[in-house]
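> Got a structure here, written out as structure tokens. Questions coming.
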Amino acid sequence: MPTPKRTERKTWYKLDLSAIVYPTLQRRDFSSVYRLSVVLKEPVRPDILQRAVDTALKRFPTYKVAIRKGLFWRYLEPNNRPGPFVQPDISNPCMPMPFKANNRYLIRIYYHECRIAFEAHHSLGDGTGGMCVLQTITAVYLRLLGHTVSNGGFVLDVDAEPDPEELEDAYMRYANAQVRPPRPGEKAYRVRGTKEPFYTLNIIDGIMSVKEVMAVAAKYNATVTEYLNSVLLYALMQKQDNEWHRKKRPLKIAMPVNLRRFFPSKTLRNFITMIYPSIDPRLGEYTFDEIVVHVHNYMRYYINEKFLRGDITTNAATQRNPVIRIVPLFIKDFTVRFFYTKVQDRNSSAGLTNMGALKVPEDMKPHIRRFDIYMGQPFSSRTNCAVSSFGDTLTINFASSIKESDVERYFFRKLVQDGIHVKIESNRQKP
């Protein structure tokens, strides 16, 4: 008797608390798209990769979806159209992702030489969820080539049913603090630059040794994340100091915090919140050592379960409001877009995310050189920075939509001054 096929889920999914914002910001020239990629030790075979995608994606029902618009809310519905199809990679990643293109899929898979790249619209999930998809696809790909790769960590069992917890909006489970902390809203310094033509994303990658970076961070009595945030603030300070301004502004970094570290959840959807390490040059000149101490103390104060629970509760208050729930979607869109453009986007000078040390099953390690992460196209003229490591390789990936690369130059110059050896790669055209 033949084995019955696993039945496809016929349900639909509400957008999670973070995902509600991303479709609202959609423009012809902007989508909230991020990219994760893995560099293997052998060239990628696209035919085998397509088979791996077809096999693995069935394990991720919240990624095999299309976005739909209702009267009051958007939602995700299962997408059984052909695809998504693997494509040769492009020089400018994280391009806008129209909701009706690509057979309505909100993900893309690219290949180039030894690289497999996965791009996803942020309305589906954050980098942790995306990394599960990428590593599971890669594991299936390697198995199809005849290699033995175990499940574990980010590599999920493609023959198992999804855990219901993987599909949940984890924000709503933990939004139960008794107070809603206010948000700091003062306008931050914004990098000025020459906007690149439509569909142009400038990439600058710095590749270095984890051990070297850890040793330097330890000299400052800081973690790697604290040290790199301090270096970026230092670079932004130099950038502002070398420009003419009627008055100086605070320097703030928008840094996502993975809430799974503090609140148990297996969700593959968005489960992050933002904190804003900052300095205010109007108070006086900062040495780099002072910046590190300031960032270190900020992290200790804000990154804890109690504060983060209050932040989640603040975010959830609007969605739980019974009056707002029945407001038509077009009014919600206008209000959210106005707030984000006039307040939220002006609250940071740059973005930095650190996914930390990426782990894979032991039998998968011999096939991988490194990972890269890109936060994607910034909403406004600034630079975004993503950090990850694999083995002793730490990669810092900058992405911006302006021609000038002053912030990136100041950033990597400081690393070199601190004794860190940095290899630079870029998709920028050489003059």
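Quick note: the coordinates plus some simple rules give every number you see, no bench work behind them. All values reported here derive from a predicted model rather than from experimental measurement. Cβ sites come from the backbone with ideal geometry, for glycine too, and all protein chains shown count toward neighbours.
> What distance in nm separates the simple spin-label points at E243 and I303, each placed 7 Å from Cα in the Cβ direction?
So the two model labels end up 2.7 nm from each other.
> Ok, one more. Going through region 16-82, which chymotrypsin sites (Phe, Trp or Tyr not before Pro) have at most 14 other Cβ atoms within 10 Å and a DSSP loop state?
When the chymotrypsin sites (Phe, Trp or Tyr not before Pro) of region 16-82 are filtered for loop state and at most 14 Cβ neighbours within 10 Å, F72, W73 remain.
> Anyone know which of I312, I116, I324 comes out most mobile in the 10 Å Cα GNM of the chain?
Looking only at I312, I116, I324, the largest GNM fluctuation is found for I324.
> Something else now. Of L415, S381, H367, which is farthest along the charge dipole of the chain in the positive direction, counting Lys and Arg as +1 and Asp and Glu as -1 at C-beta?
S381
> In the neighborhood of N297, defined by Cβ-to-Cβ distances under 12 Å, what is the net charge if each Lys or Arg adds +1 and each Asp or Glu adds -1? If you can, show how the numbers build up before the last one.
On the way: positive: R300; negative: E226, E290.
Residues close to N297 contribute a combined charge of -1.
> As a test, work out the antiparallel percent of DSSP beta bridges whose residues both lie in the chain, rounded to the nearest 5.
Around 85 percent of the beta bridges assigned by DSSP in the chain are antiparallel ones.
> Within region 347-421, what percent of beta bridges assigned by DSSP are antiparallel, to the nearest 5? Could you put the intermediate results ahead of the total?
Working: 8 of 13 bridges.
Around 60 percent antiparallel, to the nearest 5.
> To check you understand DSSP bridge types, tell me what percent of the beta bridges within region 13-162 (both residues inside) are antiparallel, rounded to 5. Display every interim value, and only then the final one.
Working: 22 of 24 bridges.
Around 90 percent antiparallel, to the nearest 5.
> Here's something else I'd like to know. Give the relative contact order (percent, whole number) for the chain; include only Cα pairs under 8 Å separated by 6+ residues.
Details: 824 pairs, mean separation 103.0, N = 431.
After rounding, I find 24 percent.
> Right, something else. Go ahead and set up a Gaussian network model of the chain, Cα springs under 10 Å, then flag whichever of L228, L201, L167 fluctuates most.
Result: L167 has the largest fluctuation of those listed.
> Scan region 174-255 for chymotrypsin sites (Phe, Trp or Tyr not before Pro) in coil per DSSP, keeping those whose Cβ has at most 13 other Cβ atoms within 10 Å, and list them by number.
Qualifying residues, ordered by number: F198, Y199, W244.
> Based solely on its DSSP helices, what 222 nm [θ] is calculated for the chain when runs of n ≥ 4 H residues each add -39,500 (n - 2.57) and the sum is averaged over all residues, nearest 500 deg cm²/dmol? Intermediate values should be presented prior to the final figure.
Working: 11 runs with 124 residues, N = 431.
Taking each H run of at least 4 residues, the total per residue is -9000 deg cm²/dmol.
> Excluding R74 itself, what net charge comes from residues whose Cβ is under 11 Å from its Cβ, given Lys and Arg +1 and Asp and Glu -1? Working shown, then result.
Values: positive: K14, R68, K69, K332; negative: E77, D333.
Net of charged neighbours comes to +2.
> Quick one: V336, V133, V86, fewest Cβ neighbours within 10 Å first, how do they rank?
On the way: V336 17, V133 27, V86 23.
Placing the least packed residue first, the sequence is V336, V86, V133.
> Now a separate question. So which GluC sites (Glu not before Pro) in region 150-215 end up in coil per DSSP with only 14 or fewer other C-beta atoms within 10 Å? Please list the in-between numbers first.
On the way: sites: E165, E166, E168, E186, E212; in loops: E168, E186.
Listed in order of number, the matching sites are E186.
> In addition: Of the listed pairs K14/K195; K248/K403; K187/K403; K195/K247; K187/K332; K69/K266, which have alpha-carbon separations greater than 32 Å here? Before the final figure, lay out the partial values.
Details: K14/K195 35 Å; K248/K403 23 Å; K187/K403 24 Å; K195/K247 23 Å; K187/K332 23 Å; K69/K266 27 Å.
Table pairs above 32 Å Cα-Cα are K14/K195.
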